[in-house]
1. In angstroms, what radius of gyration and Dmax does the range 1-81 have, counting Cα atoms only?
2. Run the quick spin-label model on Ala6 and Asp113: label points 7 Å from Cα toward the beta carbon, then report their separation in nm to one decimal.
3. Using the heavy atoms of the protein chains and a 1.4 angstrom probe, tell me the accessible area per residue for the chain in square angstrom.
4. Report the semi-axes of the equivalent ellipsoid for the chain in whole Å, largest first, where each axis is √(5λ) for an eigenvalue λ of the Cα gyration tensor.
5. Suppose only helical runs count, i.e. DSSP H with n ≥ 4. What mean residue ellipticity at 222 nm does that imply for the chain under -39500 (n - 2.57) per run, divided by all residues and rounded to the nearest 500 deg cm²/dmol?
6. Among 145-152, 7-14, 18-25, how do they line up by average Cβ neighbours within 10 Å per residue, starting with the highest?
7. Take the solvent-accessible surface of the protein heavy atoms, probe 1.4 Å, and return the percent of it on the chain that carbon and sulfur atoms account for.
Amino acid sequence: MNAAVAAPVRAYIALGANLGDAPATVHEAMNSLDGVPETHVLARSSLYRTAPIDSSGPDYVNAVVAVHTHLSAVELLRAMQQIELQAGRERPYRNAPRTLDLDLLMYGDLQQDDAQLILPHPRMMQRAFVLVPLHEIAPGLVSDAQLAAVAEQGIERIPDGA
């Protein structure tokens, strides 16, 4: 049974990678998200470099995209997990370095808290690597106070083509 929604829903997805060619992987994932059935990428943030939080390994490359989708939140999550797997994502332990990490941040106004999915993402307001690129593409969703609260977290915009 297809649980697709009648009207498109705007969702926001965080992307991150810190293994391999992370910038290329993030760009490929953005393109893959645009290829998900019944889903279209509306906006793509710049790429940002951040140090790992509660983890080790190389710096991360992060970004956020906005999509319109007719998929349910769970269907979109499953499509995101398939993209991660195609990029070689493994989950050997919590916060392990990764080839690709996709997090569903928001799905319209949906609030959900169950074993499959928590929306909005429970830690998104604590992380500069989410808030700064989200603010870039949807400034009305992130306040100056929220940005100030994460200002001490190091984040650097990666120039286009770098």
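1. Computed over the Cα atoms of the range 1-81, radius of gyration and Dmax are 13.9, 43 Å.
2. 3.0 nm
3. For the chain, the per-residue accessible area is 51 Å².
4. In descending order, the three semi-axes are 23, 19, 15 Å.
5. After summing the helix terms and dividing by the residues of the chain, the value is -8000 deg cm²/dmol.
6. The most tightly packed comes first, giving 7-14, 18-25, 145-152.
7. 52 percent
The values are calculated or read from the model by the stated rules, or taken from the named source; none is laboratory data. Here the structure is a predicted model, which is why all the values come from computation and not from measurement. Glycine gets a Cβ as well: all are built from the backbone with ideal geometry, and neighbour counts include every protein chain shown. Ligands, DNA and RNA are excluded from the accessible area calculation, which covers all protein heavy atoms including side chains. Shrake-Rupley method; radii C 1.70, N 1.55, O 1.52, S 1.80 Å.
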